[in-house]
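**Q** Can you keep this structure in mind? I'll have questions shortly.
The values are calculated or read from the model by the stated rules, or taken from the named source; none is laboratory data. Not measured: the values here are computed from a predicted model. Cβ placement follows ideal geometry from the backbone for every residue including glycine, while neighbour counts extend to all protein chains displayed. Calculation scope for accessible area: heavy atoms of the full protein, side chains included, ligands and nucleic acids excluded. Shrake-Rupley method; radii C 1.70, N 1.55, O 1.52, S 1.80 Å.
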Amino acid sequence: MDYQYVDGRLQIRRTEEEKKPILQRLKRIEGQVRGLQAMVQEDRYCLDEVQQMNAITAAVREAVLQLISTHLDASVDYAVRAQDQDGAIEEMVRVLRAALRQT
């Protein structure tokens with residue numbers, strides 16, 4: 001993982017290996033959404049559709065946690081290297097605040 005601090009924001013560049021699990025999870029979510037679309041087209045039982053939506057929501061939350069985890073790791077590394085604890089904390093709070101809005 002590589003990152004740089006630009007305009008008060010920590011910008012992360014992930015390696016292909018670091019991107020792989022995130023992209024795999026997103027592809028699974030995409031498949032779940034396609035499955036839900038098929039369920040709606042087929043007029044499946046509402047509870048089945050709701051359960052599929054709940055599974056999608058949980059999968060998206062996990063994807064968000066993966067992204068946040070990487071970002072927090074980089075923020076801590078930045079704080080140590082640059083000795084900018086305040087900037088790193090502001091960045092972490094900004095990311096966590098955005099994540100909490102989506103729940």
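**Q** Find all pairs meeting these conditions: Cβ atoms under 9 angstrom apart; at least six residues apart or on different chains; first residue within segment 69-97 and over 16 Å from Asp2 (Cβ atoms); second residue among the β-branched types (Val, Ile, Thr) and open to solvent by 70 Å² or more (accessible area, probe 1.4 Å).
**A** Filtered contacts from segment 69-97: Ala79/Ile89; Ala88/Val76; Ala88/Val80; Met92/Val76.
**Q** Moving on to the next point. Return the total of residues in segment 41-60 being of a type in the set (D, E, K, R) and surrounded by 13 or more Cβ atoms within 10 Å (Cβ to Cβ).
**A** 2
**Q** Only residues that are open to solvent by 50 Å² or more (accessible area, probe 1.4 Å) and out of contact with any helix residue (DSSP H, G or I) (no Cβ under 8 Å at 6 or more places or on another chain): list them for segment 66-76, please.
**A** Ser69, Asp73
**Q** Moving to a separate point now. Restricting to segment 15-48, count the residues that are in contact (Cβ under 8 Å) with a residue 12 or more places away in the chain, assigned to a helix (DSSP H, G or I) and under 27 Å from Leu67 (Cα atoms). First the steps, then the outcome.
**A** Here is the first cut: in segment 15-48, the residues in contact (Cβ under 8 Å) with a residue 12 or more places away in the chain are 15, 18, 21-22, 25-26, 28-29, 32-33, 35-36, 39.
Restricting the remaining residues to those that are assigned to a helix (DSSP H, G or I) gives 18, 21-22, 25-26, 28-29, 32-33, 35-36, 39.
Still in the running and under 27 Å from Leu67 (Cα atoms): 18, 21-22, 25-26, 28-29, 32-33, 35-36.
Qualifying residue count, segment 15-48: 11.
**Q** Let me ask another. Could you please find all residues in segment 9-40 being open to solvent by 90 Å² or more (accessible area, probe 1.4 Å) and either farther than 30 Å from Gly87 by Cβ or in contact with a Lys or Arg (Cβ under 6 Å, 6 or more places away or on another chain) (or both)? Working first, answer last.
**A** Here is the first cut: in segment 9-40, the ones open to solvent by 90 Å² or more (accessible area, probe 1.4 Å) are 9, 13, 16-17, 20, 27-28, 30, 34, 37.
Answer for segment 9-40, where residues must be open to solvent by 90 Å² or more (accessible area, probe 1.4 Å) and either farther than 30 Å from Gly87 by Cβ or in contact with a Lys or Arg (Cβ under 6 Å, 6 or more places away or on another chain) (or both): Lys27, Arg28, Glu30, Arg34, Gln37.
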